[in-house]
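Okay, so here's the structure we're looking at.
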Amino acid sequence: MLEIQQIAVLNDNYIYLIHDTESGDTAAVDPAVAEPVLTVLQHNNWQLKYIFNTHHHADHVGGNLFLKNHTGCLIAGCAADQQRIPGIDIKLSEGDTLKLGEYTIHVISCAGHTTGHIAFYIAAAGALFCGDTLFAMGCGRLFEGTAKQMQQSLRKFTALPLTTKIYCAHEYTAANAQFARFVEPENPDLLSAIERIKQLRSDNQPTVPTTLAQELATNPFLRTNSADIKTTLAMQNSSELEVFTELRERKNQF
Ligand code: ZN
Ligand code: FE
């Protein structure tokens, strides 16, 4: 069985520890910082085998070298970004696989937020670790890639099973929800999700992971064919890429 532990760090980052109870193999996804990871490892008596980095930003790789020094773990990240991933050992590209015990981890290349962004997908656990590509009700900013790349990356995620749990790297949901409501104010799924989110946040609970079904119903960046969104943007005759590009631009200003 896979156990997934969520560690909230910095302002709004999530680090995930993935532990296979059969083999004892454990991986840390995007360790922004090292200490909280070491604490959870120690508390569970787990040994760190891997770090999986989705991309090179400091709030995702900041704990790499300290954790590697203290645990001897191997660091896996995007081959194309190897210069920017501290301590990288395993250089990954689209379609590569890794093993965590008997579980196969598929590497999905998802450029957009950065050019060398990857996601880690575990089909047998229905879990996607997508870094800063998809957020609950939002998506990553386009720091290095284009809107077209980001939309293509998101489409790789929307092809996964609807029940897939999506482990995003940030708790941005409340702010994303406001923008989502602005562009699609009458979406009933969105309005009920916003109520749930308010409750969770006021109880200091995470709103992540989300699911693909939930995102398809509420996330404007996955709903670029919504008539209501097109009407809000006055883009009734625009392509999905044009709508996506405009949404991303408006969200930056929102
Ligand atoms: Zn980032
Ligand atoms: Fe980030």
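The simple Förster model, with R0 at 41 Å and r as the Cβ-Cβ distance, assigns LEU191 and LEU65 a FRET efficiency of 0.35.
Calculated on the Cα set of region 173-253, radius of gyration then Dmax: 12.9, 42 Å. Restricting the calculation to Cα atoms, region 115-254 shows an Rg/Rh of 0.94 when the hydrodynamic-style radius is the Kirkwood one. Counting only lysines at least 8 places from LYS148 when in the same chain, those with an alpha carbon closer than 16 Å to its own are LYS156.
Normalised by 2.2 N^0.38 Å, where N is the number of residues, the C-alpha radius of gyration of region 2-168 stands at 0.95. Calculate the tail of P(r) for region 77-194: the fraction of all Cα-Cα distances greater than 22 Å, expressed in %. Roughly 38 percent, rounded to a whole number.
Using a simple spin-label model with pseudo-atoms 7 Å out from Cα toward Cβ, ASN44 and PHE182 lie 3.8 nm apart.
Distance from the Cα centre of region 1-18 to that of region 32-56, in angstrom? Going from one Cα centre to the other spans 9 Å.
Each reported figure results from applying straightforward, stated rules to the coordinates on display, with no laboratory input. Just so it is clear, the model here is predicted, and its values are computed rather than measured. Using ideal geometry, Cβ is built from the backbone for each residue, glycine included, and neighbour counts are taken over all protein chains shown.
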